[in-house]
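Written out below as C-alpha cells is the structure these notes cover.
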Amino acid sequence: MYLWWMGPRNNTSPTAPAAGRLVCIPDGKSYLVGAAPLTIGREPSSDVAVHSEEVSRAHAYILRTPQGFLLVDSSLHGTYVNAERVQAQRILADGDVVQVGGHSFRFELRSAAPDPADLPQAHPLALFRRLNNGVYVIGVSHAGRSNAFTAAWITQVSFEPLLLSLSINLGHFSYPLLKDSGVFSVNILRQGQLDLARHFGSESGRTTDKLAGQRWRPGRLGAPVLLDAAAYLECRVTGTTPAGDHELVLGQVDAGGLLDPDAAPMLYSETGDLDGSSALYPENF
C-alpha cells in the first residue's frame, strides 16, 4: 500500500517538476522517477536493488505527487535523508542525499524535458518478469524413451503454415530425444497446476521417469500428451537455430485438441521463481 502525501488544499494546482532522478553515489547510475513509483529494496526485482541485510525487501518508494517527489519509508531499519531518519514520508529537494542500508543516492530535480539517457533503468530480472508467457509441458519420445519438461519460452511465429518456436537448453536430457525424433508436443497447463509444473520442471529425466504415475498417452506423432492438461498441440520440427545458451526449434503444428475447454491457461507470472531463473540474470545490461 502506498502512502500518499496529504498537503494543504487550496485553489491552485501545483505542478511537480517534469522529472526527478536518483543517482547512485559513487558509480553515477541513475534511476528516473516517472509516473510510476520508484521502488527501493533488497529484492532483485526492485527498481533500485540494494543488496544489504539492513535493507528491507520493500524498503522505500519515491512517488511523484502534485506537491513534489515524495519519499515513503516502509522499512525496518529506516531510510535517511541528509543523515536524518525519515519519519514515514518526506518531500525530497534537489540535492538531497538518500541513504539506504549504507548506500547513498543523490536526488536531482529536472525542470526541463528529460534527456533520453535519463530513461528509468531497472534490473534485468524486473523487466523480463514482465514479459509474460504461458506455462507448458513439452513432451518428447524416441526409440522407446519418453520424457517431458516444463517450459515457458514458446510463441507462435506464423499463420501460414502454423508455426511456433520453442527455446530449449542443449544440455537438457530431452534435447536429443526431440532432435532425433523430429517431433514434440506442447501441453498447455491450466491455472492451479503449479504442482504439475514443478514436477516436470524440477527433476531430470536422466534419473527419474517423470511420466510415471501421470495420465498420458502418445499423440498422433508419438510425443506424450498429458490428459490432465487444458489443451495440447503436436508439432513437427521444421528448423533450428542457435540462440545463446539455448536453441530455437521451429515446429509446425500438425494436430491438437482441447482437453478442458473451460480452463484458463496458467501464466508464467504465477510460478514465481519456480524455475530458479532469478539467479541467472545479470546485475545490469
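Here is how the numbers come out for the structure above:
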item	result
All positions within segment 253-285 that are closer than 14 Å to ARG130 by Cα and among the β-branched types (Val, Ile, Thr)	THR271
Candidate set: segment 46-63, residues that are of a type in the set (S, T, N, Q) and at pLDDT 90 or above; chosen: the one farthest from GLU283 (Cα to Cα)	SER56
Qualifying residue in segment 110-117 (condition: open to solvent by 80 Å² or more (accessible area, probe 1.4 Å) and touching a residue at least 60 places away in the same chain (Cβ under 8 Å))	yes
Hits in segment 23-49 - residues which are in a loop (DSSP other than H, G, I, E, B) and polar (S, T, N, Q)	SER45, SER46
Any hit, segment 211-234, residues being more than 16 Å from VAL137 (Cα to Cα), modelled with pLDDT of 95 or more and open to solvent by 70 Å² or more (accessible area, probe 1.4 Å)	yes
Candidates LEU125, LEU109 - the one that is assigned to a strand (DSSP E or B) and modelled with pLDDT under 95	LEU109
Options VAL98, VAL50, VAL86; residue that is open to solvent by less than 30 Å² (accessible area, probe 1.4 Å), touching a Leu at 6+ places or on another chain (Cβ under 9 Å) and over 15 Å from ARG21 (Cα atoms)	VAL86
Hits in segment 163-190 (condition: modelled with pLDDT under 95 and assigned to a loop (DSSP other than H, G, I, E, B))	LEU170, GLY171, HIS172, PHE173
Selection count where residues are open to solvent by 50 Å² or more (accessible area, probe 1.4 Å) and either among the charged types (D, E, K, R) or in contact with a Phe, Trp or Tyr (Cβ under 8 Å, 6 or more places away or on another chain) (or both), scope segment 163-200	7
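Conditions (1) out of contact with any helix residue (DSSP H, G or I) (no Cβ under 7 Å at 6 or more places or on another chain); (2) open to solvent by 70 Å² or more (accessible area, probe 1.4 Å); (3) modelled with pLDDT under 95; (4) not basic (Lys, Arg), marked per residue:
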{"site": "LEU3", "(1), (2), (3), (4)": "yes, yes, yes, yes"}
{"site": "THR15", "(1), (2), (3), (4)": "yes, yes, yes, yes"}
{"site": "CYS24", "(1), (2), (3), (4)": "yes, no, yes, yes"}
{"site": "SER30", "(1), (2), (3), (4)": "no, no, yes, yes"}
{"site": "PRO44", "(1), (2), (3), (4)": "no, no, yes, yes"}
{"site": "THR65", "(1), (2), (3), (4)": "yes, no, yes, yes"}
{"site": "GLY68", "(1), (2), (3), (4)": "yes, no, yes, yes"}
{"site": "SER75", "(1), (2), (3), (4)": "yes, no, yes, yes"}
{"site": "ASP94", "(1), (2), (3), (4)": "yes, yes, yes, yes"}
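The values are calculated or read from the model by the stated rules, or taken from the named source; none is laboratory data. Owing to the predicted nature of the structure, the values given are computational and were not obtained by experimental measurement. Backbone-built Cβ (ideal geometry, glycine too); neighbour counts: all protein chains shown. In case anyone asks, the SASA skips ligands and DNA or RNA and just uses the protein heavy atoms, side chains included. Shrake-Rupley method; radii C 1.70, N 1.55, O 1.52, S 1.80 Å.
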